[in-house]
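Notes follow once the structure below has been shown.
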Amino acid sequence: MTVTAVPAVAEAIETVASHLHPRPSYDLADHPVPNGREEVWRFTPLRRLRGLLDGTPSAARLSWEVSLPAEVTMTDISSGAVRALGVPAPVDRISALAASLSAGAVKVEVPSGLALSEPIVVNLSGESVNDLVYGQVVFVVGANSAATIVVHHTGSARYASSVSVLVGDGATVNFVSLQDWADDAVHAGHVGLRIGRDARVRTVSASLGGDLVRLVETAEYDGPGGELEQFGLYFVDAGQHVEHRLFVDHNAPHTRSRVDYRGALQGKGAHSVWVGDVLIRKIAENINTYESNKNLVLTDGCRADSVPNLEIETGEIEGAGHSSTTGRFDDEQLFYLRSRGISEEEARRLVVHGFFADIIRRIGVPDIERGLLTTIEHELEATIGAPTPGAAGERRGVALVRACGVADVPVGGTLAVDLGGDADIAVVNTAEGFFAIRDECSHGAVPLSEGEVEGCTLECYLHGSRFDLRTGQPLELPALVPVPVFAVRIDGDDVLIDPDQPIAIQES
Ligand code: FES
């Protein structure tokens, strides 16, 4: 572990009344019922919160299904014990209600010095939108530990949540939150991160379902050297409201933050809101921050609000910036794909897949990555149509044929050859010899021969899936399906292939 050599700074932090963010507080009086004109509520359709602001007590709960590695503990703790842990205080009325009306919290704890090989998975499911549920969960990851935590929301409820992630010094945490709710669910809440000295935290938040989802994610540092990456994706359908509000408080020097949120919208009344606030305090010298939000509007009648804000109290920073884009399909990318004979629909599908694949691959839990890609595929069927099936055709019964000369393909090079089959074959020369693979990515109909060779793998140039040249198996998302590979024989100066006999591939 590298410890950044800067003195402890917690006591030196000045009080800043940030205009970006209300003062956190457990006191409900500090969070009056909003009227919709407040800066932090102006985008939210308050009526559709359906009672989450009222403070009506409720004993309803989501059902829990948990997968915990053996060393991880899960206990119920009181509200007092939650505060004693030093979790970030509630930032709005809904998270304050969740903290006060949830009758304590569930604490999930990873001991110090432990690198978990399996993720912690918490599946939270609701039965009915008639249930008003307050929930509080605290994840504690000890110093120098490493953990992936997944919280997966499904079903239906009106859910006010407060989730805290306390990350010890030198720890590495990957925190994934999936809002995969039924169409009528309403979910609003706060995810508060405390990042220890020299800790590394990545969050991935994916909001796909629900009538209204509004999540506030805040981050603060317990010392210098902390690194934070926040990724997010949302796919908003007709009538749906999805709102993500981020606030990174750079309250310690030598800290870093990166934000990358991407959304797609389709259908009348689809509304997304992304607000990214970063505060750089006086004490936070030599920090680096960048936040980005991109929105892809797939149909008419959608609205994407995107508001990045930076508040800088010191001039001694390494870097700070933000960007925000909202638009339709990238015409250049579409034109490029169309010019390669890819249909308009397939090209659009590929562009959206690539847009999200960059985020999904950060999750690091293959089952969940696959599930999200499948969900996005289903979402796209509504506007773009189903994926074009592979062009698998009838095979001819011929034996080895000359594909090319050995000298035609330098080491590290590829050559597309037409052997009369339903697709070209890419001949690939690597340091380990020649390989042959069908010249079409299994994720989209683009030629693999235009990709990069690395070792015994070939990377698709479009979205970066890498295929094993020995088996055809995809090694990286977004491709999920293997590509046929063929036996190669070198005969003198010639490379010979039997294009009709792909090597049998074992599905992994
Ligand atoms: S077309 Fe997407 S990975 Fe190849």
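Points worth noting:
- Test for Gly168: is it within 21 Å of Val82 (Cβ to Cβ) and either touching a Ser or Thr at 6+ places or on another chain (Cβ under 9 Å) or polar (S, T, N, Q) (or both): yes
- Scanning region 442-479 for residues that are under 21 Å from Gly371 (Cβ atoms) and more than 10 Å from the ligand (Cβ to nearest atom) yields Gln473, Leu475.
- Among (1) within 13 Å of the ligand (Cβ to nearest atom); (2) modelled with pLDDT under 90 - the single one Asp439 does not satisfy: (2)
- Within region 425-446, the residues that satisfy the criterion of being part of a loop (DSSP other than H, G, I, E, B) and buried (at least 19 other Cβ atoms within 10 Å of the Cβ) are Asp439, Glu440, Cys441, Ser442, His443, Gly444, Ala445, Val446.
- Arg194 vs. criteria closer than 16 Å to Ala105 by Cβ, assigned by TED's automatic domain parsing to the domain that holds Arg61 and surrounded by fewer than 24 Cβ atoms within 10 Å (Cβ to Cβ): yes
- Qualifying residue in region 481-494 (condition: under 22 Å from Phe355 (Cα atoms), within 12 Å of the ligand (Cβ to nearest atom) and not β-branched (Val, Ile, Thr)): no
- Contact map, region 460-482: first residue touching a residue at least 40 places away in the same chain (Cβ under 8 Å) and assigned to a loop (DSSP other than H, G, I, E, B), second residue within 11 Å of the ligand (Cβ to nearest atom) and of a type in the set (Asp, Glu), Cβ cut-off under 7 Å, separation 6 or more or different chains; pairs are Gly464/Glu476.
- From the options Gly405, Gly455, Gly412, Gly451, residue that is small (Gly, Ala, Ser) and within 25 Å of Leu350 (Cα to Cα): Gly451
- Every condition in (1) within 19 Å of Arg328 (Cα to Cα); (2) part of a strand (DSSP E or B) is met by Glu243 except one, and the failing one is (1).
- All helices (runs of 4 or more DSSP H) inside region 285-390 with 1 or more residues being over 19 Å from the mean Cα position of the chain (by Cα) and crowded, with 18+ Cβ neighbours inside 10 Å: 331-338, 344-360
The values are calculated or read from the model by the stated rules, or taken from the named source; none is laboratory data. Computed from a predicted structure; not experimentally measured. All Cβ positions, glycine included, derive from the backbone under ideal geometry; neighbour counts span all protein chains shown.
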